[in-house]
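K.L.:
The following block contains the structure, expressed as structure tokens.
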Amino acid sequence: MNVLVLGSGGREHALAWKLKQSPRVKKLVCAPGNPGMARLGECVAADLADLKGLADLAEKLKADLTVVGPEAPLVAGIADEFARCQLPLVGPSRAAAELEGSKVFAKEFMKRHHIPTPDFTACADHGDAYVALCAVEWPVVIKADGLAAGKGVRIAETPDEATAIIEAFMEKHELGAAGDRVVIEEYLEGEELSFIVLTDGKAVLPWAASQDHKRLQDDDRGPNTGGMGAYSDEGIVDAGLREQLLGEIVEPTIKGLQADGRPYQGFLYFGLMLTRDGPRVLEFNCRMGDPECQPLVARLESDLAEALAKTAAGELASARLDWSSDAAVCVVLASAGYPGKPETGKLISGLAEAEKLAGVTVFHAGTRLEGGRVVTAGGRALGVTARAADLRAAVDRVYAAVEKLHFEGMHFRRDIAARGLQKLQARR
Ligand code: AMP
Ligand code: GLY
């Protein structure tokens, strides 16, 4: 198989790393890729907004499979473009990707199909929003409707804070068109969980569960980020919860999309809150998670290329995924300034030393080559990932690898997987 991976982050490096291990993959091309991906296959320049150009590239490469990492090309309709050219691709159509592309659509979809989600009001203009805010309990969550690169969800503790957010989103248009509509949502407490499945619209293949760490600093303090680390182990979700998630959330979602004439194919990410009253969907993503992908592929024992080819072909019912009982942890090394404007161009040292450690892989997220040396090129620079027999050993391993790595301004969380470690201790 010739496989094309689109994207340049840690998730895409992790997907490429796992695809490369498949005996079926003869040629791996990454567009645009990054220096880590360049060690696995050829990297070619590409504009992910140019859907026609990407289809031309896949055609030229005779790609048997294209795997899309980020959401933007999916929300823009890359799957429809590839379908027109009869090019196999993993990812939902533009209509199905609206689950991530519009929070108003996603919330109304869930209401229509009785999928448990926090109560909400959808507001089409700031007048509606100020009226809705008169009848809420505090705090509330305010979500911009469109894609906002992680900046579109804010928690307001008071009416003054909420007013300032509505003003910023809907009157000053700080997020552009993404903030033209908002969802005002009930604030929920509980533990968050990332539950990701592969589907071809009929069969559903759930991945192992994982947990992200969205806040910048230890103990979930500081601003939200794209994700500062993630882990996956057998203890996150027990068989009962897994069945409940599949029956009450995943199945109604896939069937609901089908019923609405938007059949879904690709990765579907359920961002969940486990509340005292049961699991609730906070968000959908129309793609794999980042950084969840990194520990997940580290635990995946099956051939990813085969599963993805079957997804694209509508033959997922005959695929399976086996998971190691090992645990895996990814710690993101971020640049100074992140999640605001990151400092870049800083020399990264210790890559080879870190990767020499058993069970460790360093996924590149925001890096580039400068004179043959790897320097930082984004907010999340690296995703250091370790696999080991249990979560304690994986955490020790990942932080031993982090110790080897350095760049000016580097910062990271020291408590990735702490919640999982508590559970592990409780089980023993
Ligand atoms: P989202 O992009 O919708 O997942 O929101 C980003 C983050 O905001 C989530 O991962 C949660 O940490 C938080 N969040 C979103 N919705 C809620 C909610 N209804 N209650 C509490 N926290 C939320
Ligand atoms: N880790 C959160 C996301 O991929 O959206």
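K.L.:
Going residue by residue through region 221-230, is there one that turns out to be free of Cβ contacts under 8 Å to residues at least 24 places away in the same chain, of a type outside the set (D, E, K, R) and within 16 Å of ligand 1 (Cβ to nearest atom)?
P.N.:
The answer is yes, given that some residue of region 221-230 is free of Cβ contacts under 8 Å to residues at least 24 places away in the same chain, of a type outside the set (D, E, K, R) and within 16 Å of ligand 1 (Cβ to nearest atom).
K.L.:
Do we find a residue being within 30 Å of A313 (Cα to Cα), away from ligand 2 (no atom under 16 Å from the Cβ) and not aliphatic (A, V, I, L, M) anywhere in region 184-197?
P.N.:
Keep residues of region 184-197 that are within 30 Å of A313 (Cα to Cα), which gives 193-197.
Filter once more, keeping what is away from ligand 2 (no atom under 16 Å from the Cβ): none.
No, region 184-197 contains no residue that is within 30 Å of A313 (Cα to Cα), away from ligand 2 (no atom under 16 Å from the Cβ) and not aliphatic (A, V, I, L, M).
K.L.:
Show the residue pairs meeting these rules: Cβ distance below 8 Å; 6+ apart or different chains; first residue within region 129-143 and among the hydroxyl-bearing types (S, T, Y); second residue surrounded by fewer than 20 Cβ atoms within 10 Å (Cβ to Cβ) and not in a loop (DSSP other than H, G, I, E, B).
P.N.:
Note: pairs meeting the criteria are Y130/T163.
K.L.:
Could we say that K255 is buried (at least 18 other Cβ atoms within 10 Å of the Cβ), of a type in the set (K, R), more than 16 Å from ligand 1 (Cβ to nearest atom) and over 30 Å from E403 (Cα atoms) here?
P.N.:
Against the criterion (buried (at least 18 other Cβ atoms within 10 Å of the Cβ), of a type in the set (K, R), more than 16 Å from ligand 1 (Cβ to nearest atom) and over 30 Å from E403 (Cα atoms)), K255 does not qualify.
K.L.:
Further, regarding this structure: Scan E167, E137, E189 and give me the residue that is in a helix (DSSP H, G or I), surrounded by fewer than 15 Cβ atoms within 10 Å (Cβ to Cβ) and out of contact with any His (no Cβ under 7 Å at 6 or more places or on another chain).
P.N.:
Answer to the check: E167.
K.L.:
Moving on to the next point. When residues of region 290-321 are filtered for being touching a Leu at 6+ places or on another chain (Cβ under 8 Å) and either under 24 Å from A149 (Cα atoms) or within 14 Å of ligand 1 (Cβ to nearest atom) (or both), how many remain?
P.N.:
2
K.L.:
Taking region 340-390 on its own, how many of its residues are part of a strand (DSSP E or B), farther than 11 Å from P35 by Cα and polar (S, T, N, Q)?
P.N.:
3
K.L.:
Something else now. Condition test on L205, is it hydrophobic (A, V, I, L, M, F, W, C), within 12 Å of ligand 2 (Cβ to nearest atom) and part of a strand (DSSP E or B)?
P.N.:
Taking the combined requirement at face value, the residue does not satisfy it.
K.L.:
Another question, then. Select from region 307-323 the residues that are more than 21 Å from I78 (Cα to Cα), under 21 Å from the mean Cα position of the chain (by Cα) and not aliphatic (A, V, I, L, M) and list them in ascending order.
P.N.:
Residues satisfying the conditions are D322, W323.
For every residue, the table says whether it meets (1) under 24 Å from E192 (Cβ atoms); (2) free of Cβ contacts under 8 Å to residues at least 24 places away in the same chain; (3) buried (at least 21 other Cβ atoms within 10 Å of the Cβ).
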position	(1), (2), (3)
D322	no, yes, no
V332	yes, no, yes
E353	no, no, no
G371	no, yes, no
G383	yes, no, yes
R387	yes, no, yes
V395	yes, no, yes
V398	yes, no, yes
Q425	yes, yes, no
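K.L.:
Taking the options G222, G271, G240, G261, name whichever one is more than 22 Å from V183 (Cα to Cα), part of a strand (DSSP E or B) and out of contact with any helix residue (DSSP H, G or I) (no Cβ under 6 Å at 6 or more places or on another chain).
P.N.:
G222
Every number in this text was worked out from the coordinates using simple rules, so none of it is lab data. The shown structure was predicted, so the numbers you read here are calculated from the model rather than taken from an experiment. Here Cβ is always computed from backbone atoms with ideal geometry, including for glycine, and neighbour counts include all displayed protein chains.
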